[in-house]
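**Q** Can you read through this structure? Questions will come right after.
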Amino acid sequence: MANCCEFYPCHSGFFQEFSCEFCYCPEYFNASCSGNPKWIYVNEKTQRKDCSECLEPHKTEYINKYYKEKRDAQVSNRTAVPECSTSKVQ
């Protein structure tokens, strides 16, 4: 675990395999993320997501799952390449 970051430690509740792979959570803008955020009311109509107690993106299992899901999504979004015709155009 590296501690050369000026923000380290960024959370309480560190564990042995804490990873700083995601300094900022890749799911921050996802309202239904896999973590456990708190919602803070900024005013009557606006809420802000507080992830300061969430450790999910710092777990190796989360990181591996996140990258796997991204790879799988890229593969499923690829379009099939048309097969080339072997006959010559005359």
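Residue by residue, here is whether (1) among the acidic types (Asp, Glu); (2) farther than 25 Å from Gly35 by Cα; (3) at pLDDT 85 or above; (4) surrounded by 10 or more Cβ atoms within 10 Å (Cβ to Cβ) holds:
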{"residue": "Asp50", "(1), (2), (3), (4)": "yes, no, yes, yes"}
{"residue": "Asn64", "(1), (2), (3), (4)": "no, no, yes, yes"}
{"residue": "Tyr67", "(1), (2), (3), (4)": "no, no, yes, yes"}
{"residue": "Lys70", "(1), (2), (3), (4)": "no, no, yes, yes"}
{"residue": "Ala80", "(1), (2), (3), (4)": "no, yes, no, no"}
{"residue": "Glu83", "(1), (2), (3), (4)": "yes, yes, no, no"}
{"residue": "Thr86", "(1), (2), (3), (4)": "no, yes, no, no"}
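**Q** With Ser76, Ser34 as the choices, which residue is surrounded by 10 or more Cβ atoms within 10 Å (Cβ to Cβ), modelled with pLDDT under 90 and farther than 17 Å from Cys10 by Cα?
**A** Details: Ser76 fails: surrounded by 10 or more Cβ atoms within 10 Å (Cβ to Cβ).
From the options Ser76, Ser34, the qualifying one is Ser34.
The values are calculated or read from the model by the stated rules, or taken from the named source; none is laboratory data. A quick note: this is a predicted structure, and the numbers were derived from the prediction, not measured. Quick reminder, even Gly has a Cβ in these numbers, built from the backbone with ideal geometry, and neighbours come from all protein chains shown.
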